[in-house]
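Okay, so here's the structure we're looking at.
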Amino acid sequence: MFDTLPDRVSIYEVSLRDGLQNEPVIVPTTKKLRLLEALVAAGLSRIEMTSFVSPKWVPQLADADELTPLVERRPGVTFSALCPNEKGLERAIASKIEEIGVFISASETHNKRNVNKTIDETLATFVNVIAGARKADIKVRGYVSTLWGCPFEGKIDPHRGLDIARKLIGMGCYQVSLGDTIGVGTPRQTQEIVKLFLAELRPEQIALHLHDTRGTALANVLVGLECGVRDFDASVGGLGGCPYAPGAAGNLATEDLVYTLHGMGVRTGIDLDRLWEAGKVAESVVGRSLPGKVHQAGVRSLRS
């Protein structure tokens, strides 16, 4: 094992969106900006910072229109936001965001709970959203959630997720992030899913979004690496989860991912010490302790 490790991987930071949307508190815009600055200072170059959804459904991200104009754009750093429909796209275009994400579930029940639409209805909505984004020179990334398992339906046939991913790529998504939304995945299951997708899609067209609810996220990352995946989503400190998936708390902590990769000789472009400091900012922003292991233990063992 580990004979085919890459020299470098790309990490997609989701704490400001996937992390904060699951918090019981509403974090002020100024504090979100402080966390974003700390993440950029750590070297993160792909940061999902908000979501253009209805404040009625996700009040924690109601300040999306206020936040995005305040963010200083930097060369080499891509800021993105979730965008569920054409109204959200209008807001995204007005904000001058450079990338949006569209999201759908491999579970019919979860999709209805999440966006109040069937899978087919959601895909139909994406036709105009993705086309409109590309016309505005905005990149589009897709999410397929609950692929490893659904809190309502249980086991999900991964072929359902592959069919959705195939359609998203066909519509114009440059990449599809595959989600273990409730953190039930195990390494063998991950291997089966990833190999299924890589039989049809190129490695750069998929990413893994693995929650650590049951402590298996890093093991699943290593399997993904061995299979050829080079893009992984993570959240500083392990912040967040999905408010529409009971038991989904526990994103893979960015510090844990970076610590592991650096220890294996895989570069990320991220300064681990500064990332640890960003985790402390995240902790102060939400006003509670965060579950990430490196966040709690520190990074001294990697210092010379």
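A short reminder: the numbers here are calculations on the coordinates, not readings from a lab. Nothing here was measured: the structure is a model prediction, and the numbers come from that model. Cβ sites come from the backbone with ideal geometry, for glycine too, and all protein chains shown count toward neighbours.
Calculate, for Ile26 and Thr118, the FRET efficiency according to 1/(1 + (r/R0)^6) with r their C-beta to C-beta distance and R0 45 Å; round to the nearest 0.05.
0.90
About the Cα centre, and with charges only on the beta carbon of Lys, Arg (+1) and Asp, Glu (-1), how big is the dipole of segment 30-136? Nearest 20 debye, please.
Here the size comes out at about 120 debye.
Rounded to the nearest 0.05, what FRET efficiency is calculated for Lys56 and Arg202 with R0 set to 45 Å and r the Cβ-Cβ distance?
It comes out at approximately 0.75.
Within segment 151-177, list the residues whose amide N lies under 16 Å from a label point set 7 Å along Cα→Cβ of Ala131.
Hits in segment 151-177 for Ala131 at 16 Å: 168-173.
Tell me the volume per residue, in Å³, of the convex hull enclosing the alpha carbons of segment 10-297.
Roughly 112 Å³ of hull volume per residue.
Between their Cα atoms, which of Lys117/Lys195; Lys31/Lys96; Lys135/Lys167; Lys32/Lys96; Lys31/Lys56 are more than 25 Å away from each other?
Lys117/Lys195
Over the chain, with a Gaussian network built from C-alpha contacts below 10 Å, which listed residue (Glu99, Glu66, Glu226) shows the highest mean-square fluctuation?
Ranking Glu99, Glu66, Glu226 by mean-square fluctuation puts Glu66 first.
Label points 7 Å out from Cα along the Cβ direction at Ala297 and Lys155: separation in nm?
3.4
If you place +1 on the Cβ of every Lys and Arg and -1 on the Cβ of every Asp and Glu, how big does the dipole about the Cα centre of the chain come out, in debye to the nearest 20?
Here the chain has a charge dipole of around 160 debye.
Any idea which of Gly263, Leu218, Ile104 is furthest toward the positive side of the dipole for segment 10-297, if Lys and Arg beta-carbons carry +1 and Asp and Glu beta-carbons -1?
Of the candidates, Ile104 comes out farthest on the positive side.
Under a GNM of the chain (C-alpha, springs under 10 Å), which listed residue has the highest mean-square fluctuation: Pro187, Pro203, Pro24?
Of the options given, Pro24 has the highest mean-square fluctuation.
Pairs of alpha-carbon atoms within less than 8 angstrom and 6+ residues apart define the contacts here; what relative contact order does segment 10-297 have, in percent?
Contact order relative to length: 20 percent.
Under 20 Å from a point 7 Å along the Cα-to-Cβ line of Asp65: which residues of segment 129-143 have their amide N that close?
Correct set: 129, 133.
Mind checking which of Ser105, Ser289, Ser45 has the largest fluctuation in a GNM of the chain, springs on alpha carbons under 10 Å?
With Cα springs under 10 Å in the chain, the top fluctuation among Ser105, Ser289, Ser45 is at Ser289.
What is the Cα centroid distance between segment 177-238 and segment 1-23, reported in whole angstrom?
10
Count the DSSP beta bridges whose two residues both fall in segment 10-297, then state the antiparallel fraction as a percent rounded to the nearest 5.
5
Stretched out fully, how many nm does the piece from Phe2 to Asp163 gain, at 0.36 nm a residue minus the Cα gap?
55.0 nm
Would you mind pulling out the separation of the Cα centroids of segment 29-104 and segment 269-296, in Å?
A separation of 20 Å, based on Cα centres.
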